[in-house]
Protein chains: 2
Amino acid sequence: MEQNVIDASGLLAISTRLQRLSDQIRKDGLLIYKAFGIDFQPKWFPVLYTLYKKSTMSVVSLSDEIGYAHPSTISLLKELEKEKFIRSKKDKVDTRKRLVELTEKGTTLLSTMEPVWEVIIKATAEITNTENNLMKAINEVESSLKEKSFLQRAEVYIKK
Amino acid sequence: MEQNVIDASGLLAISTRLQRLSDQIRKDGLLIYKAFGIDFQPKWFPVLYTLYKKSTMSVVSLSDEIGYAHPSTISLLKELEKEKFIRSKKDKVDTRKRLVELTEKGTTLLSTMEPVWEVIIKATAEITNTENNLMKAINEVESSLKEKSFLQRAEVYIKK
DNA sequence: ATAATATATGTAGTTAGCTACATATATTTG
DNA sequence: CAAATATATGTAGCTAACTACATATATTAT
């Protein structure tokens with residue numbers, strides 16, 4: 001059971017480890033879409049999937065929904081608009097708001113993607129269905145952090 | 001129990017979720033170092049910690065050890081050299097190699113960091129010690145992926 | 001009905017990794 | 001031992017998120 005120094009450092013490197021795993025999964029995700037002949041970038045998923053489920057949303061509410069800072073969402077929307085997967089219109093009641101929705105082309109894309117999602121879900125289930133389930137662990141950790149942040153928890157030990 | 005669309009999409013968004021969590025932990029990590037008055041960036045951790053444990057290493061072996069592409073390591077080393085935490089010298093046997101090691105200043109920094117690590121370890125343990133342990137889950141998933149990649153697993157379902 | 005504040009969107013620039021390519025030196029092979 | 005290949009390092013530019021700041025419109029408080 002060989003272990004490198006970073007693995008051995010365990011908790012200290014948790015952020016690095018999470019990022020590495022995220023990248024690896026994202027890259028494989030891209031290859032899976034390609035294998036289905038779908039021209040789709042995994043980073044588009046949160047925006048498109050949310051619009052698929054909720055139809056029309058403003059930029060900020062979409063950002064909140066997917067948990068991104070709004071400028072991140074704006075730049076994704078710009079790409080998606082260029083690809084003609086989404087369109088936007090002004091909110092007539094609150095003119096500050098830009099309402100975003102899928103186009104026909106976007107809706108079509110999303111429906112061709114449904115079988116891919118099934119494959120992704122199965123493959124992910126296979127991978128995460130270990131003794132400690134990754135998705136459940138993420139959910140649990142996120143809810144611990146929501147209750148009391150990492151920093152707040154550390155502060156308790158600092159004061160001692 | 002309110003849930004946003006992305007959370008509800010579960011496995012599909014796993015890469016996004018991992019990244020978000022990683023960022024959150026990294027940011028809090030930075031704040032903890034600050035709370036101790038240590039001028040240290042979490043991204044330096046893998047390189048410095050590895051050099052602390054293994055003393056002298058070449059660029060590539062260091063990259064392999066921490067699991068980074070070598071250009072990433074090089075750019076970290078550049079910063080760390082500027083901060084005078086590390087220095088490098090030519091390998092006399094294999095002149096292609098650049099051997100990297102901590103300076104006095106680097107070693108001093110690392111030893112002032114040990115108490116911070118203890119705090120980080122405790123706080124992280126608190127957070128990850130849920131029903132499904134995040135660190136264990138990451139280890140398990142990484143070893144599943146080493147055995148058979150995400151794409152290879154998906155291919156099985158595609159062929160059906 | 002102003003003035004002050006809050007919210008929505010947008011732009012610019014940063015970050016922490018990456019891949020692709022280039023070059024120098026070692027090692028292996030015919 | 002020369003040619004081919006492999007390894008070590010380095011540079012340039014990409015990516016997918018971010019923060020900080022700016023502006024326009026709504027809402028709230030006096």
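Key figures
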{"quantity": "Residue match in segment A:89-98 (condition: more than 11 Å from chain B (Cβ to nearest Cβ) and among the acidic types (Asp, Glu))", "calculated": "yes"}
{"quantity": "Verdict on residue A:43 being under 30 Å from residue A:95 (Cα atoms) and either away from DNA strand C (no atom under 11 Å from the Cβ) or not polar (S, T, N, Q) (or both)", "calculated": "yes"}
{"quantity": "Positions within segment B:70-82 being loosely packed, with under 14 Cβ neighbours inside 10 Å and more than 8 Å from DNA strand D (Cβ to nearest atom), in sequence order", "calculated": "B:82"}
{"quantity": "Single condition residue B:33 does not satisfy, out of (1) within 8 Å of chain A (Cβ to nearest Cβ); (2) away from DNA strand D (no atom under 12 Å from the Cβ); (3) under 24 Å from residue A:20 (Cα atoms)", "calculated": "(1)"}
{"quantity": "Residue, farthest from the other protein chains (Cβ to nearest Cβ), within segment B:121-155, restricted to residues that are surrounded by fewer than 16 Cβ atoms within 10 Å (Cβ to Cβ) and small (Gly, Ala, Ser)", "calculated": "B:143"}
{"quantity": "Top-ranked residue in segment B:26-77 [being β-branched (Val, Ile, Thr) and assigned to a helix (DSSP H, G or I); ranked as farthest from residue B:112 (Cα to Cα)]", "calculated": "B:60"}
{"quantity": "Filtered residue count, segment A:29-43, keeping only those that are closer than 19 Å to residue B:15 by Cα and of a type in the set (Phe, Trp, Tyr)", "calculated": "2"}
{"quantity": "Test: residue in segment A:71-78 that is at the interface with chain B (Cβ under 8 Å from one of its Cβ atoms) and basic (Lys, Arg)", "calculated": "no"}
{"quantity": "Filter result for the condition that a residue is away from every other protein chain (no Cβ under 14 Å), among the acidic types (Asp, Glu) and away from DNA strand C (no atom under 16 Å from the Cβ), over B:83, B:104, B:114, B:118", "calculated": "B:104"}
{"quantity": "Selection count where residues are in a helix (DSSP H, G or I) and either over 21 Å from the mean Cα position of the chain (by Cα) or at positive phi (or both), scope segment A:83-107", "calculated": "2"}
{"quantity": "Enumeration of residues in segment A:44-63 that are within 12 Å of DNA strand D (Cβ to nearest atom) and at the interface with another protein chain (Cβ under 8 Å from one of its Cβ atoms)", "calculated": "A:45, A:46"}
{"quantity": "Filter result (among the basic types (Lys, Arg) and within 13 Å of DNA strand C (Cβ to nearest atom)) within segment B:46-73", "calculated": "none"}
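So that you can scan it fast, the table gives a plain yes or no per residue for (1) in contact (Cβ under 8 Å) with a residue 60 or more places away in the chain; (2) surrounded by 15 or more Cβ atoms within 10 Å (Cβ to Cβ); (3) more than 30 Å from residue B:57 (Cα to Cα); (4) acidic (Asp, Glu):
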site: A:34; (1), (2), (3), (4): no, no, yes, no
site: A:51; (1), (2), (3), (4): no, yes, yes, no
site: A:57; (1), (2), (3), (4): no, yes, yes, no
site: A:64; (1), (2), (3), (4): no, no, yes, yes
site: A:95; (1), (2), (3), (4): no, no, yes, no
site: A:98; (1), (2), (3), (4): no, yes, yes, no
site: A:104; (1), (2), (3), (4): no, no, yes, yes
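Where a number appears in this text, it was derived from the coordinates with a stated rule and is not lab data. Fair warning: this is a prediction, and the values are worked out from it, not measured in the lab. Neighbour counts run over all protein chains shown; Cβ positions are idealised from the backbone, glycine included.
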